[in-house]
Amino acid sequence: MTLLKKSINIVKDVWVILGITIFLLLAMETGLSLYFYLKKSWVPPGQIEDYRVKADTYPKVSWVDAYFRENAQSNNLKWESYLYWRRLPYRGDYVNVDPEGIRRSYKDSVREKANPAAKVFFFGGSTIWGVGARDDFTIPSIFVKEAKIRGVNCEAVNFGEVAYVSTQEVLQLMIQLQKGNIPDTVIFYDGFNDTFSAFQQRVAGLPHNEFNREIEFNLLHWRKREKLRTLAVQDAIKQLTIVQSFLSLSRKLGLKSQRVPFRPLEYKNPVLDKGVLIRELAERYIGNIKLAQALSKYYGFKCLFYWQPMLFQKQHLTEYEREASDVRNVEIDAPNYAGMREFYLETYAYMKEYTAGLKDDFIFHDISSIFREAREPLYIDVVHLGENGNGLIARRMVEDFIRLMNKSGKADEKR
């Protein structure tokens, strides 16, 4: 009996300790959740949490906080066949997205009806979409204004979307052509997202976070239901405020480094040799250029391709830009992960060498070094530009566009 009593007492003690532990965890979870909820609810009017409101490329302008609030509110995505995602409609003072998921671009209200506008399609990721800029100051919008100054009427259609890679953009172009929506000129602005996709997944040519789609597809199979429950539990644990707070504190204390959210694909082997991976990335991108050009020859439009700049290449950084480019600064998550800077620089160097021998009919422009010697503030994070930077890119594009139009004899028709 003595042994039985001891065993019962031990069980009681364990049960009490376990109960107290669970109670304390629940109390901590409830308290932290309430704290962060109230903190978020009590944000003063006009204040926004996005660190980019402090970017020094915005010289004391009044609209920045309101813009970034609209930027966050408009970032709601819907499923789009073949493309995976596009924006839901949104109406604001600075950000407007139509029912097709297309962001509004500037239109010349006094355009002469006798001179039809050249329809220009823009494809790219969030940099073309215009993160960091109001509707009338995205690259496509400024392009229209600058072309008008040079005497050419244009209508821009901004097909840019967050995280799009070049393959998604070519598919988007194909879908528009299937509908009979034929442009006069198509402009692709790429580089950053294609590179990040390869860095993230160790496989070239895939959309971002492709491992998520693979997992979701596999979970539809009845044999995977057990795995679905496991993933659901794991996700629930990760969403706990206690866990999120601990991870955030660990990063701030330098105990946990920022790592790229890499998860190996089940049906594709990762390319572990970085040189091979970069070469395959370049080949996939050039393959998309060839596809777009083949379409242009059949449908009768012109193409321009641009390899975009990034903050890592700018030599003269402002204090803000230096913080934004520092992989150790865990408050800056554009994203910026350990090893990312080196991978980008090596990829960009390879692309410059790889494309140097391309034929002129590719109409490819590597403008990644366009801001190399610039001293003025241009970036709001590692890739997105403020409105001044967008203007510099758009003006460069207009110069190439006018040259291309003159070469084909179409410029005078649009004047």
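Note on residue 297/residue 356: beta-carbon distance plugged into 1/(1 + (r/R0)^6) with R0 of 22 Å gives a FRET efficiency of 0.40. Among 109, 141, 7, sorting on how many other beta-carbon atoms sit within 10 Å of each Cβ, with the fewest leading, yields 109, 7, 141. Electrostatic bookkeeping for residue 271 treats Lys and Arg as +1 and Asp and Glu as -1; over the other residues with beta carbon under 10 Å from its beta carbon, the sum is +2.
Fewest neighbouring Cβ atoms within 10 Å first, the residues 378, 345, 18 line up as 18, 345, 378. A straight chain from residue 17 to residue 265 at 0.36 nm per residue would run longer than the Cα-Cα distance by 85.1 nm. Computed from the C-beta positions of residue 323 and residue 61, the FRET efficiency with R₀ = 25 Å rounds to 0.80. Taking Cβ atoms as reference points and 10 Å as the exclusive limit, the residues near residue 85 contribute a net charge of +1, counting Lys and Arg as +1 and Asp and Glu as -1.
Could you tell me which of the pairs 268/352; 119/302; 119/145; 78/290; 107/145; 119/179 are separated by over 18 angstrom between their Cα atoms in the structure shown? Too far apart for the 18 Å limit: 268/352; 78/290.
All of the numbers you see were taken from the coordinates with simple rules; none came from a lab. Because the structure is predicted, anything quoted here is derived from the model rather than measured. Reconstructed Cβ throughout: ideal geometry from the backbone, glycine too, with neighbour counts over all protein chains shown.
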